[in-house]
1. Are there helices (runs of 4 or more DSSP H) fully within segment 5-63 with at least 2 residues that are assigned by the TED database to the domain that holds F106 and among the aliphatic types (A, V, I, L, M)? List them.
2. Quick one: is I176 over 30 Å from L7 (Cβ atoms) and in contact with a strand residue (DSSP E or B) (Cβ under 6 Å, 6 or more places away or on another chain)?
3. Would you confirm whether or not segment 108-131 contains a residue that is farther than 27 Å from A193 by Cα, part of a loop (DSSP other than H, G, I, E, B) and more than 23 Å from the chain's Cα centre (by Cα)?
4. Taking I198, is it in contact with a Gly (Cβ under 7 Å, 6 or more places away or on another chain), aliphatic (A, V, I, L, M), in a loop (DSSP other than H, G, I, E, B) and at pLDDT 50 or above?
5. So, of the residues in segment 84-106 that are surrounded by 14 or more Cβ atoms within 10 Å (Cβ to Cβ) and in contact (Cβ under 8 Å) with a residue 60 or more places away in the chain, which turns out to be nearest to R58 (Cα to Cα)?
Amino acid sequence: MGKGKILIEATSAITANRITENPTFAQHNLRAFIPAYKVLRIGVIQDVPVEIDLETLRSNIKVPYCKIIDIQRLNRRIIREGTSEYIPSKTLRIKFLGQHLPEAVFIFRTRHEVRPYIPRPKICYSCYRAGHIAKVCKGEPRCLNCGNKKHAENEICPAQGEPIKCINCQGNHSAISKDCSHIFKHEYIIGLAATANIPIANAKKIVSSYGNNIPRTDLNLNSGNFPLFKARNHAERRFNFESYNPYNLPQDNVSSDTFRSYADVINSQSQSHPRKAHSQRIPTNNLLLMALPPSREKAQVCNRSLPALTGRRTATLYGSLTVDPRIPLLMGF
């Protein structure tokens with residue numbers, strides 16, 4: 001899991017709660033807790049007027065089949081007269097109970113789409129690495145220009161006056177620039193953890209397997225969240241569904257005939273049951289034709305109510321027309 005942490009998997013929620021309440025851990029200066037991603041999800045909504053206070057929002061926000069734990073309005077930074085300050089924004093951060101984010105919430109019957117909350121990457125201004133802040137940094141302070149140990153006040157940096165060079169990726173930018181590949185990698189890790197609802201440690205393993213081929217795409221707009229349109233080839237459509245679905249498809253014994261088109265079915269029926277040539281076509285006029293015994297020379301049309309027909313009729317004669325028992329009866333009303 002990480003330095004000083006171990007993972008204990010419980011068979012039920014009751015067992016997990018009992019572990020966290022066990023006083024034995026506190027006696028040995030240990031703490032048992034359930035990770036936040038196992039009990040809640042955090043999402044954001046936008047375009048909420050700043051004039052609406054939080055109490056009004058809590059009373060008038062509606063979301064089906066989900067419980068809201070907390071609502072906070074995020075701030076945005078502006079530069080005013082050369083000084084940066086933070087003011088309330090139109091973006092809300094909402095904590096939902098459970099492990100699934102709703103598609104949307106409703107405020108005064110106005111629909112607001114919910115997206116996963118991806119926090120800003122943390123950058124340390126002591127060692128100039130990503131993933132933590134200077135307050136909790138356990139590394140040795142470094143110089144931003146040369147990357148060596150931080151210089152004393154009266155010491156001159158050997159890289160002073162030279163072109164800017166990143167001390168992490170050796171690129172032509174500062175170590176705290178967003179163009180740094182190390183910062184981008186950390187942004188992708190926390191974005192993957194938030195979107196896929198997995199621990200940071202697991203997200204690091206996944207991103208590390210990419211090597212230097214980390215896709216520079218928005219995680220909220222990837223192809224997994226927006227599957228392909230229905231394909232003409234049913235086999236291709238089935239393959240695409242499996243590639244984007246995290247769960248396995250149920251095993252079935254459905255033959256390939258299930259995925260045939262309507263034209264294929266009609267053609268196969270016409271080939272297996274060729275139409276016989278008749279000297280005279282007999283109109284049906286949307287009435288049920290009733291087969292009479294062979295002794296009758298003429299057919300009669302029955303307009304009385306008939307009992308429900310079940311199964312297939314035996315071969316009968318209708319003038320010169322032979323009814324094949326292998327073909328289902330078609331009734332028009």
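1. Filter on segment 5-63 gives 54-60.
2. Spelling it out, I176 is indeed over 30 Å from L7 (Cβ atoms) and in contact with a strand residue (DSSP E or B) (Cβ under 6 Å, 6 or more places away or on another chain).
3. Checked segment 108-131: at least one residue is farther than 27 Å from A193 by Cα, part of a loop (DSSP other than H, G, I, E, B) and more than 23 Å from the chain's Cα centre (by Cα).
4. It is false that I198 is in contact with a Gly (Cβ under 7 Å, 6 or more places away or on another chain), aliphatic (A, V, I, L, M), in a loop (DSSP other than H, G, I, E, B) and at pLDDT 50 or above.
5. Within segment 84-106, the match that is nearest to R58 (Cα to Cα) is V105.
The values are calculated or read from the model by the stated rules, or taken from the named source; none is laboratory data. Since this is a predicted model, take the numbers as computed values, not measurements. Note that we place each Cβ from the backbone using ideal geometry, even for glycine, and neighbour counts take in every protein chain shown.
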